[in-house]
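Novice: Following this message is one structure expressed as structure tokens.
The values are calculated or read from the model by the stated rules, or taken from the named source; none is laboratory data. Since this is a predicted model, take the numbers as computed values, not measurements. Because the Cβ atoms are built from the backbone with ideal geometry, glycine has one as well, and the counts that use them run over all protein chains shown.
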Amino acid sequence: MVVRERSSEAGADVSIGVAHLDDLDQAHTWDTTAITDAELAAARRFLERRYEVDPASRLRLAADLRDRLQPKVSGANGVRSAEQFVEILVAVKARRG
């Protein structure tokens, strides 16, 4: 499944690949209210640019985002990778508006 989201930047699209629908379904129970607009924007920017950075930097950036944001998301347990957590977080926030 791919969720397409309009970012706030002049109509740019962010593609968010979600490998497991069960993970996205379970994420709808996440309490994401503690995530600020600035944090969400940082997560979106990472997803927009992740293919432009080398793999080691990409893994490190995803881990940094997950480590900062996951403690603020109640119920966000069991996500397979840091990048997948960021993808799902952005998708959930996009669906909630």
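Novice: From the residues in the range 53-85 that are over 19 Å from ALA38 (Cβ atoms) and polar (S, T, N, Q), which one is modelled with the highest pLDDT?
Specialist: If we take residues in the range 53-85 being over 19 Å from ALA38 (Cβ atoms) and polar (S, T, N, Q), then SER57 is modelled with the highest pLDDT.
Novice: While we're on this one: Given the conditions (1) part of a helix (DSSP H, G or I); (2) among the hydrophobic types (A, V, I, L, M, F, W, C); (3) surrounded by 11 or more Cβ atoms within 10 Å (Cβ to Cβ), and given that ALA38 satisfies all but one, which numbered condition is not satisfied?
Specialist: Among (1) part of a helix (DSSP H, G or I); (2) among the hydrophobic types (A, V, I, L, M, F, W, C); (3) surrounded by 11 or more Cβ atoms within 10 Å (Cβ to Cβ), the lone unmet condition for ALA38 is (3).
Novice: For ARG96, state whether it is surrounded by fewer than 19 Cβ atoms within 10 Å (Cβ to Cβ), of a type outside the set (Gly, Ala, Ser), modelled with pLDDT under 95 and on the phi < 0 side of the Ramachandran plot.
Specialist: Numbers: surrounded by fewer than 19 Cβ atoms within 10 Å (Cβ to Cβ): yes; of a type outside the set (Gly, Ala, Ser): yes; modelled with pLDDT under 95: yes; on the phi < 0 side of the Ramachandran plot: yes.
Yes.
Novice: Let me ask something additional. Taking the range 53-67, which residues are surrounded by fewer than 13 Cβ atoms within 10 Å (Cβ to Cβ), assigned to a helix (DSSP H, G or I) and among the charged types (D, E, K, R)? Give the steps one after another, and end with the answer.
Specialist: Initially, the range 53-67 is screened for residues surrounded by fewer than 13 Cβ atoms within 10 Å (Cβ to Cβ), giving 54-57, 67.
Checking the rest, the ones that are also assigned to a helix (DSSP H, G or I) come to 55-57, 67.
Within the range 53-67, just ASP67 meets the criteria.
Novice: Go over the candidates ARG60, ARG68 one by one and state the one that is charged (D, E, K, R) and without any contact (Cβ under 8 Å) to a residue 12 or more places away in the chain.
Specialist: Working: ARG68 fails: without any contact (Cβ under 8 Å) to a residue 12 or more places away in the chain.
That would be ARG60, the only listed residue that is charged (D, E, K, R) and without any contact (Cβ under 8 Å) to a residue 12 or more places away in the chain.
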